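Here's the structure, in structure tokens; my notes come after.
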Amino acid sequence: TGPYEHILTGLTTDGFHQTKTIAFGPDGWLYLAQGSSCNVCIEKDPRRATMMRMRADGTGAEIFATGLRNSVGFDWAPWNGTLYATDNGRDLLGDDFPPDELNRIEQGRFYGWPYFNGFGVPDPDFGGQFPGDPPPVDPAHGFRPHNAPLGIHFLRNATPHGYERAALVALHGSWNRRTPDGYKVVALRWRDDGTLEESDFLTGFL
């Protein structure tokens, strides 16, 4: 009710990945992810390629995690409250590299971009410039390269058998592979040993 009220202003909208994603966490804080302004670069605005969080009225805004090139989707696992975010890897390194990512997001951690791709592989353009602190965190799961995972949603309430600890992820699909790939919704299941299993859930969108 009432008029719109600006709670956070001055977010940049230049270059690539201009959209922002917001969601309230189980801790009551408002989380905001915004992607990089480029394919691969060192950002001028330290808030780009990060996840931020703030109180509901916009106060206390802080950078929560860094090195996230374009984490359009994020959600919290209902069984333990862990925050996970999808992330789109950089382009122009061939059809089959780097993998896109699912990251387990923890406060203060660095997730690699632009210095590393995938599971700790130094970037050919910026790998030699890595400042060394904090060390990058490997993805919790690697998607196929250029599949562009966007939205993620953990299943809750009346989940069917076999999906008790699962999330659905929408894959935008590739624009930059010689053979198109992606264009589907996949299920991620968390096994008892903590590993993840990916399987097709809804296909045929190509």
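So here's what we get for this one:
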item	result
Cβ-based charge dipole, the chain, positive-most Cα from P139, W175, L206	L206
Computed FRET value (nearest 0.05) for T82 with Q129, which takes r as the C-beta separation and R₀ as 35 Å	0.65
Spin-label model distance (nm) - W175 vs I63, 7 Å beyond Cα toward Cβ	2.6
Equivalent ellipsoid semi-axes, segment 155-196, via Cα gyration tensor eigenvalues times 5, rooted, Å	27, 12, 6
Ranked by how many other beta carbons lie within 10 Å on average, peptides 172-178, 10-16 from highest	172-178, 10-16
For segment 16-64, average projected area of the Cα convex hull in nm²	3.5
1.4 Å probe accessible area per residue over segment 80-206, in Å²	51
Spatial separation of Cα centroids for segment 137-206 and segment 11-43, in angstrom	21
Net charge contributed by nearby residues that have their C-beta within less than 11 Å of G15 (K/R +1, D/E -1)	-1
Cα-centred dipole magnitude for the chain, charges only on beta-carbon of K, R (+1) and D, E (-1), debye, nearest 20	300
Percent carbon-and-sulfur accessible area, the chain, ignoring ligands, DNA and RNA, probe 1.4 Å	54
Among A65, A49, A23, residue whose mean-square fluctuation peaks in a GNM of the chain (springs only between Cα atoms under 10 Å)	A23
Coarse-grained scattering of segment 69-167 at q = 0.10, 0.14 Å⁻¹, given as base-10 log I(q)/I(0) from a Debye sum over alpha-carbon atoms	-0.30, -0.56
Kirkwood hydrodynamic radius (C-alpha pairs) into Stokes-Einstein, the chain, 4 °C and 1.567 mPa s, D in µm²/s	73
Calculated SAXS-style log₁₀ I(q)/I(0) at q = 0.14 Å⁻¹ - segment 120-199, Debye, Cα scatterers	-0.65
Peptides ranked, highest mean first, by Cβ atoms within 10 Å: ranges 127-138, 111-122, 72-83	111-122, 72-83, 127-138
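The values are calculated or read from the model by the stated rules, or taken from the named source; none is laboratory data. As the structure is a computational prediction, the values presented were derived from the model and not from experiment. FYI the Cβ positions are ideal-geometry reconstructions off the backbone, even for glycines, and counts take in every protein chain you see. Only protein heavy atoms, including side chains, enter the accessible area calculation; ligands, DNA and RNA are left aside. Shrake-Rupley method; radii C 1.70, N 1.55, O 1.52, S 1.80 Å.
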